[in-house]
Each structure stands twice: as structure tokens, then as C-alpha cells.
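The values are calculated or read from the model by the stated rules, or taken from the named source; none is laboratory data. Source: prediction; values computed, not measured. A quick note on method: Cβ atoms are made from the backbone with ideal geometry, for glycine too, and the neighbour counts reach across all protein chains shown. Each accessible area value is taken on the protein alone, full model and side chains, heavy atoms only, with ligands, DNA and RNA left out. Shrake-Rupley method; radii C 1.70, N 1.55, O 1.52, S 1.80 Å.
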Number of protein chains: 2
Amino acid sequence: MKRIVVVEDEVFMREELENLLQKAGYEVHAVDLFEHVAKNLLEMSPNLILLDINLPNLSGFQICREVKQRSPIPVVILTSRDQMRDELHALDIGADEYLTKPCRKERLLARIANVLKRYEGRANLLEGEGFLLDRQTYTLYIHDASVVLPKNQGKLLEVFLLGGQKVVTKEDLCDALWGTSEFIDENALQVNLTRLKKTMTNLQMHQKIVPVRGAGYRLMMEGGPDEA
Amino acid sequence: MKRIVVVEDEVFMREELENLLQKAGYEVHAVDLFEHVAKNLLEMSPNLILLDINLPNLSGFQICREVKQRSPIPVVILTSRDQMRDELHALDIGADEYLTKPCRKERLLARIANVLKRYEGRANLLEGEGFLLDRQTYTLYIHDASVVLPKNQGKLLEVFLLGGQKVVTKEDLCDALWGTSEFIDENALQVNLTRLKKTMTNLQMHQKIVPVRGAGYRLMMEGGPDEA
DNA sequence: AAAAAACTTACAATCGCTGTAAGTTTTTTT
DNA sequence: AAAAAAACTTACAGCGATTGTAAGTTTTTT
């Protein structure tokens, strides 16, 4: 059964949505507003997030952006602010659907089902700048093509993606490859990194792995920090 | 550059759309209506199809359905018929977006960009009942999981999917595996089929490969034709 | 100039996929 | 019911891709 989290601060509306979705066969969790909504949402890892945008504290847009940056979970935005600007902005930051209240039940359900359908098979896709990586198979999607990376290269790339822009230590990388950083074979790691780098250039990816002396490595956009 | 095919029979509207999309940086091909639109659309294999639903002969729905059954190309429906029934129907048969005229340019462009973005990496995904198959890597997506099939198993499954419900001959299968049906090693094919069947049951897929005596094999839904 | 860190290349071991062989089982025909 | 045809099963050996190892070289820092 698909799980949906509803983010809505108005009690009446929240209960109505909860009811409607439950009747439609979804497992529903409604959350009120609090600090770190985005973080909590990710931990619940639902199949879809229904997000009301008339929120008191934090902007709904902000939540949407955070979720989208860190996960492939689809987000449907529901709002009473029928402004073209809002809609464009929402779609721009990655919302999958933007619906204005009042919205007929049938339409809401149909759109939700539609979004869910399109997300089939995307559950474990990690998003990088200009490419996607399947965390289970290490299938890499780029430029309308796809390749299956060797397991080790996939694991390494995965660590870099999860690390964001941060520096990733060799311990982290060894850990990912062999489950332990106890006995580090510096050289084995080195070779595997070289291999990953090579396939990255072969695939014309827009980022590189650069060394950070003594600390580890980091994933960087091509032509990044220009320190001339 | 992304290619969009516009299907619209009204001349004025068509030119306007063409213009708008070109300015937005797309490569646009407008097509008039004729027989076998769906077939031709598939041959053009654009990145997206913008489909007007007020068509004279064939129902736009029909076109949408045909395209969706045979390809993963996203379809955006544009219409002046603002009927809830139409919208639900459109979404139900797999349309990716449903917009009503008059529609502001910004919204149209934003929605198109949104749909395109979500389709990144899906260019070579074949759709089966309850699963997806990547034709390049033979990565199989099912039940929120993914596996890379061995090349031969992938090729076989691919042939079955492309064949639809029809019976697939052994020649077809040999052809897919070894590029020729000249010298058929019945047994080698047999073994490969068995392997595919095994992984299909392991993955709990909802269809089976059943033999058709003397003719070949066919892909069937589990618990299909009940001939008691 | 010396040391440390990062990198390169080639090779051998390993693992998974494939075809082969030699069967057995199921279905159809006589 | 027996024989023949089609479909299936299992184990094994060859092959190729991926991996770790070894023995270097190059680059950067001190």
C-alpha cells in the first residue's frame, strides 16, 4: 500500500484530506507543523508528500525544495493562493504537481495517482547534477543513455552523492567498499577511484572527483572554483 | 535540444504553439492530422508530444492511448473542453499533463519543462504490466526494487514485451540472442528461457512465459485464460 | 632535495554468465 | 498403452568482466 504524508496546518482541512485519501486506499500520515519538517518527512520516507502551502512559519516552498534536494520523493502542492508566480516557482523548484483549492476530490485523487504512477521504479534513484544513479543496481542514467556501473564504482559514486559537496574521507570510502575502515588498503581504494574517474570522463559527466590533500576527496562541478 | 511534436489541426493555434515552443528553445515539429498519427508519432520519437484534443476524425484520447501503450514518450494534452470527465479519463489512460485553453504561455512552458525533467533517464524504459525494463542495461524495476538482468534474459524479456500478447516464435528469440535464426540451437534457447522464467518467479512478477506447442512462447498474465 | 601523497599500469585470481551435454518429464499422436 | 515429439532440468566447463595486488611513476608539499 502506498504511503502519503499530508502536511497541512488547518485542522479541518487536514482531517478531510486524511479521510479522502484513506478511503482511496492510501496509508495516510498527517503531520502538523514543527521545526525540521523536511528532515522528518525524509525519515518517514513516504511514497508521496501532499503539501499545503499556506503555512504559518516556514514557507512551503522551502520544505519542498529541501525534500527535493535530498530525495526522489514526489511532492504535490495544494494551495489556495492562485497566483501564476507561485505556480511557476513551485514547478521550478521541482514540485511534481500544483493544485489550487477548491479542488474537486476526483481531480486531486487522479493527479495523485498520476504522479505516483510516473514514479514507479524511481524509488531508489539518487539525483546528481545532470544524471541519476540507481542505488540498488548502480545503473547510471545520463544524456538519455544508461550504463550499469561496476559495483565498486557505483558504491563510490553513491558515497559522493550522499555526501553532497562535502569532503569525503578515505575511511568513508573504504567503509562503503569493504564494510570496514579497519584495515585500509590505500592502494586498492586508489585504483578503484581511478577507475571511477575514468568512466566519469568517458561518460562526459559534468563533475570531477578532486583530491583534498590529507583529508580525502570531493565531488566538484567541472570548471568549479576558479582560483587563478 | 529536446524535440517536441505538436498535434493540432487548427492552423492559427498550431503556428502560435510552434512559435512559442521554438522561442523557448525546443525543436518543434507540427503535424496535421492524417491516418495512423500514433504510428507516425512513434517513428518521430520526440522527447514529448503536445496533443490537442479537439480533433476532427480520431479522438485525441485514442492517439494518447496508442502512444502510451507502445512507448514511454510523455504526452501533454491541451484542450478547450474543460470537463472533469475528460481530465480524469486523460490522466487515467496515461497522459502526463492535462491543460485547458486558454492557457497562459508561462504555465504551458513550465508544465512542459516539468514533465520533461521528470522523464530524464526514462528514454529507454519499456513498460510491462507492473514493471519497467531498461532496454540498454536490462535493469528491471519492480515492486520498488531493481535488478540488472543478465544480458540474455534481458533480451528475451525485451522481445516478449515488444511482441505484446502475441506468440513469439523461437526464431524471433534466437534472432534476439544471437543475431541469426540460421543455426538454431534449440537447447541453448531452452536453457536461457528457463533461466528467465526462474528469475521472473523469484521476482514475483505477475506474468509467466507459457509454451505454445509447435509455435513458440507467449507472455501471459498470471491466472490468465481459465480453461477448466 | 627529500618526503608524503596521489596516481598509473599490468597481471593474476575470482565470480558470474553462457553454451554444452546428457539426461528426464510432459504432452501429443498412433 | 506405447511411441514420438516437444519441452524442460541439471551439472559442468569455458569465457569475460571486475577486482585486488604489486611495483612502479608523478605530483605536491615541506
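Listing for the model above:
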read-out	value
For the stretch B:2-22 and the stretch A:60-84, distance of Cα centres in Å	30 Å
Selection from A:V167, B:P46, B:G25, by position along the positive dipole direction of the protein assembly as shown (Cβ)	A:V167
Using alpha-carbon coordinates, inclination of helix A:186-202 to the longest axis of chain A, degrees	60 degrees
C-alpha long axis of helix B:105-118 to longest principal axis of chain B, angle in °	10 degrees
A:K68 accessible area, assembled protein chains, probe 1.4 Å, Å²	30 Å²
Derived scalar couplings ³J(HN,Hα) [the stretch A:130-143; Karplus, 6.51 cos²θ - 1.76 cosθ + 1.60; whole Hz; x for Gly, Pro]	x, 7, 10, 10, 7, 6, 8, 9, 6, 7, 10, 10, 7, 6
Pairwise label distance in nanometres, B:R104 with A:D9, each label 7 Å out on the Cα-Cβ vector	2.5 nm
Residue-by-residue Karplus 3J(HN,Hα) for the stretch B:2-10, coefficients 6.51, -1.76, 1.60, Hz, glycine and proline x	6, 9, 10, 9, 9, 10, 7, 8, 7
Sum of side-chain charges, A:N152 neighbourhood, beta-carbon under 12 Å (Lys, Arg +1; Asp, Glu -1)	+2
B:M84/B:L33 FRET efficiency (R0 22 Å; Cβ-Cβ; nearest 0.05)	0.25
Amide N proximity, the stretch A:197-220 versus A:K166 label position 7 Å along Cα-to-Cβ, cut-off under 20 Å	A:208-220
Size of charge dipole - the stretch B:3-118 - debye, nearest 20, with Cβ of Lys, Arg +1 and Asp, Glu -1, no other charges	480 debye
R0 of 56 Å, Cβ-Cβ distance A:E16-A:T201: FRET efficiency to nearest 0.05	0.55
FRET efficiency, B:A145 to A:E43 (Cβ-Cβ, R0 22 Å, nearest 0.05)	0.60
Amide hydrogen neighbours beyond the local backbone of A:T139, cut-off 5 Å, H modeled	A:D134, A:L149
Label spacing, shortest first and in nm, from A:Q83 to its equivalents in the remaining copies (7 angstrom along Cα→Cβ)	3.6
Proximal lysines relative to A:K101, as straight alpha-carbon distance under 21 Å, when same-chain residues fewer than 8 apart are discounted	A:K23, B:K101
Net charge of Cβ neighbours under 14 Å - reference B:L203; Lys, Arg +1; Asp, Glu -1	+1
Solvent-accessible area buried by pairing A with B, both sides, nearest 100 square angstrom, 1.4 angstrom probe	3100 Å²
Accessible surface, per residue, of the stretch A:3-118 when the full set of protein chains is kept, probe 1.4 Å, Å²	47 Å²
Charge dipole magnitude, Cβ of K and R +1, D and E -1 - chain A, Cα centre, debye nearest 20	640 debye
Average Cα contact separation per residue, chain A, under 8 Å, 6 or more apart, as relative contact order %	12 percent
Charge dipole magnitude, Cβ of K and R +1, D and E -1 - the stretch B:94-153, Cα centre, debye nearest 20	420 debye
Along each principal axis, Cα extent of chain B, largest first, Å	61, 42, 35
Kirkwood hydrodynamic radius over Cα pairs of the stretch A:15-123, then Stokes diffusion coefficient at 4 °C and 1.567 mPa s, in µm²/s	91 µm²/s
Compactness of the stretch B:125-221, expressed as Rg and Dmax over alpha-carbon positions, Å	12.6, 40
